[in-house]
Amino acid sequence: MKTILSLAKQFVFWMLVFILARTIFYIYYSNILNLENIPLSEVFQSFWHAIPLDISTAGYILVIPFFILLFQSLIYENTLKKVNLFYTIIILLLYLLITTAEIGIYDEWKTKLQFKSLHYLSHPDEIYNSSSSSTFFLLIGIFIAQFTFWIYIYRKLIYNSIIVTNKSLLSTFVYFIISPVLLFLMIRGGISEIPITQSKSYFSSHNFINLASVNSGYSMLISTIENYQFRDNNPYQFYNDSIALERVTNLNAVKNDTTISILTTNRPNIVFLILESWSADLIESLGATPGITPEFRNLEKEGLLFTNFYASGNRSEQAMSAIFAGFPATPITAITHNLDKITKLPSFTKSLEEKGYNTSYYFGGQLMYGGINSFISVNGFDVIKEGKDFDSDIPRGKLGIHDGDMADFWINDLNNYPQPFMSAWFTLSSHSPYDQPMEDVIHWAESENQNGYLNSAYYCDKSIGEFFAKAKQQPWYSNTLFVIVADHSHNSYKNHPVHTKEYRHIPLLLYGDVLKPEYRGATINRISSQTDIPATLLNQMGISSNEFYWSRNLFNPTTPEFAFYECTAGVGWISEGGYFVWDSRLSNLAVKDIDAAKPDSIITDGKSYLQVLFKQFMDY
């Protein structure tokens, strides 16, 4: 089985390349460990947390050697080893160029090398002029030393092993069957429900450690894939930039600060319950069939319900950047997939921490999905707990710990946090495959999948009711504002098309003893979205929200009413004058209920919003 052994040796070779490059990065920036008070133990942990992405990266690299060895075993042509050597030289050059460039840029940019930075590498004279001569030549020396060392190791220990000396059809068949499976599992990150993402390597509260843990080749590959189709031009360039910016500036402008105060205190604890896939079609007060979420119905009687509230996107990761950074979801891609961009976003979490808040985030599953973990880490949460951080003997569904159990763990931890605190719990059970530990109580939907969704929402709702029954007994309860909001919507028994505003309609409920009496049991029909949460809450606490450009204070009556949502390849726009959907993959423009007196103005607003938003996304 010399072919399999040869492939295995090449795998080990690349894993060692990754380890040494990461080690050199740490050595070069060892002073940061002291400046940021980073314990040495986290450095060592980063090598462990880096393994999954390193394996995946090695899997991508080994696809070509797999075919070379396959052909070699079939035609018995030993000279193909030279092709493998040439391929290895090219990939090694590219990888070491990326990692060496990252050493050069980190001090200034505090990020990994991304696709949009590649144009710098095409102008080495500019790189030289923008850095000291000693630094430039040191980096060149590091690059040459690593390259020379690894080529020597490859030729000494691997090159000759690529020779196939025995013809064996059986061996070739076994190699052909086993190796592709192994490579697929390596690239995907195993057999778990959720494929691997960059956030798999995120574990530290220090961004320096997280970035070092992410494999540089993997990061560049994902960044290139994400940005290739719009690397030069904004795909949503509808108008002259100055015209579009003027429209958006007027939409986001705060003409008068006439904030209405709805709280009895300006320093409440803030507790987020982010509900997985909760459509407005689950909420009786929003037009749903009664009985799906009775506990939420009870909470409404003492809470403030937003009846015209919309999800910014249709994915969980888009919700996180909307809720905690006030950044709208974008078509084509999510900002959480871009490590260099998320560091530029404002942070609701950090805004509170500057005022003395302790912060935490809880989820019963795997936060690496969609890059949520990397975003949450960069956003600044002090404590992040996901499924793997809890005892393995806790009963779990396919995706993680059931909501009822997570609610208990969460409330126990909240009792140990000093006030004021901000904590978020992202629920899980109302996500397929709907394996909640409860007998079904709803059977009236038209399909088994719909009944599964409705019963999972019923179970989540029941868990929330139990949570509040316990929370009311805790000493921190009377000083807490609860923000109950869905991450996105979901297909329901009403079968709304995914691009419509009815599909994107979700609940937002503010709840707690800190609400002034006149707002308990009330409703607000103002058009709004998830991106408005940061500015709204910060203004209630007297904290500046100026950096949250895309977020509006919903209790300032002078700000315009509208909601934007991404529509896969376009924009959904809801305003007082009506709403429309533009999607390049649908019929381009689907107009619904627009005021006949000003249809062009409304469409211009919505398209301008998307144009300026996506330009900022590209510029980050």
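The values are calculated or read from the model by the stated rules, or taken from the named source; none is laboratory data. Worth saying up front: this structure is predicted, and the values here are computed from it rather than measured. Neighbour counts run over all protein chains shown; Cβ positions are idealised from the backbone, glycine included. All accessible areas refer to the heavy atoms of the entire protein, side chains included, with ligands and DNA or RNA removed. Shrake-Rupley method; radii C 1.70, N 1.55, O 1.52, S 1.80 Å.
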### Query
Does region 540-556 contain any residue that is in contact (Cβ under 8 Å) with a residue 60 or more places away in the chain and not in a loop (DSSP other than H, G, I, E, B)?
yes
### Query
Being surrounded by 19 or more Cβ atoms within 10 Å (Cβ to Cβ), farther than 25 Å from Ser205 by Cβ and at pLDDT 95 or above, is that true of even one residue in region 21-30?
no
### Query
Can Ile524 be described as closer than 17 Å to Ala280 by Cβ, of a type in the set (A, V, I, L, M, F, W, C) and buried (at least 21 other Cβ atoms within 10 Å of the Cβ)?
no
### Message
Of all residues being surrounded by 24 or more Cβ atoms within 10 Å (Cβ to Cβ) and among the aromatic types (Phe, Trp, Tyr) in region 527-561, which is nearest to Ala311 (Cα to Cα)? Just the residue, please.
### Response
Trp550
## Note on the structure
Among helices (runs of 4 or more DSSP H) entirely within region 191-293, at least 1 residues that are free of Cβ contacts under 8 Å to residues at least 40 places away in the same chain and surrounded by fewer than 24 Cβ atoms within 10 Å (Cβ to Cβ) occur in 216-227, 241-252
### Query
Just one of Ser73, Ser46 is within 16 Å of Ile19 (Cα to Cα), touching a helix residue (DSSP H, G or I) at 6+ places or on another chain (Cβ under 6 Å) and surrounded by 18 or more Cβ atoms within 10 Å (Cβ to Cβ); which is it?
Ser46
### Query
Is at least one residue of region 344-367 closer than 29 Å to Ser223 by Cβ, surrounded by fewer than 18 Cβ atoms within 10 Å (Cβ to Cβ) and touching a Phe, Trp or Tyr at 6+ places or on another chain (Cβ under 6 Å)?
yes
### Subset of region 188-207 (residues that are at pLDDT below 80 and charged (D, E, K, R))
Glu193
### Task
Would you check which residues across region 323-365 are out of contact with any strand residue (DSSP E or B) (no Cβ under 8 Å at 6 or more places or on another chain), more than 24 Å from Tyr417 (Cβ to Cβ) and assigned to a loop (DSSP other than H, G, I, E, B) and list them?
Gly326, Phe327, Ile332, Thr333, Ala334, Asn338, Thr343, Lys344, Leu345
### Query
Counting only residues that are part of a loop (DSSP other than H, G, I, E, B) and touching a strand residue (DSSP E or B) at 6+ places or on another chain (Cβ under 9 Å), which one in region 447-477 is surrounded by the fewest Cβ atoms within 10 Å (Cβ to Cβ)?
Gln474
### Task
Test Thr568 against the stated conditions and say whether it is in a loop (DSSP other than H, G, I, E, B), polar (S, T, N, Q), in contact with a Lys or Arg (Cβ under 6 Å, 6 or more places away or on another chain) and open to solvent by 10 Å² or more (accessible area, probe 1.4 Å).
no
### Query
What do you reckon, is Lys501 open to solvent by 10 Å² or more (accessible area, probe 1.4 Å), over 28 Å from Trp410 (Cα atoms) and either of a type in the set (D, E, K, R) or more than 21 Å from the chain's Cα centre (by Cα) (or both)?
yes
